[in-house]
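The values are calculated or read from the model by the stated rules, or taken from the named source; none is laboratory data. Quick caveat: nothing in here was measured; it's all calculated off a predicted structure. FYI the Cβ positions are ideal-geometry reconstructions off the backbone, even for glycines, and counts take in every protein chain you see.
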């Protein structure tokens, strides 16, 4: 997998996690543990993106 492919894959995962967070926030009985886990995963991906493709 090339670096560009990896970056695109991570960006897609990051966007999917953002969508999942938005969905969870709209639920009437939001699961705070799920929100924390989704945010943790999203941050991990963001950190990896920063490490491999700094701005």
From the option list 54, 28, single residue qualifying as loosely packed, with under 11 Cβ neighbours inside 10 Å and at pLDDT 90 or above is 28
Exactly one of 33, 53, 25 is in contact (Cβ under 8 Å) with a residue 40 or more places away in the chain and over 12 Å from the mean Cα position of the chain (by Cα), and that one is 53
Just one listed residue, out of 43, 38, is surrounded by 11 or more Cβ atoms within 10 Å (Cβ to Cβ), in contact with a helix residue (DSSP H, G or I) (Cβ under 8 Å, 6 or more places away or on another chain) and part of a helix (DSSP H, G or I), and it is 38
Considering only the range 1-10, I want to know if a residue exists there that is over 16 Å from the mean Cα position of the chain (by Cα), surrounded by fewer than 14 Cβ atoms within 10 Å (Cβ to Cβ) and modelled with pLDDT under 90.
yes
Check your understanding: Would you say residue 17 is surrounded by 14 or more Cβ atoms within 10 Å (Cβ to Cβ), touching a residue at least 24 places away in the same chain (Cβ under 8 Å) and assigned to a helix (DSSP H, G or I)?
Key -> yes
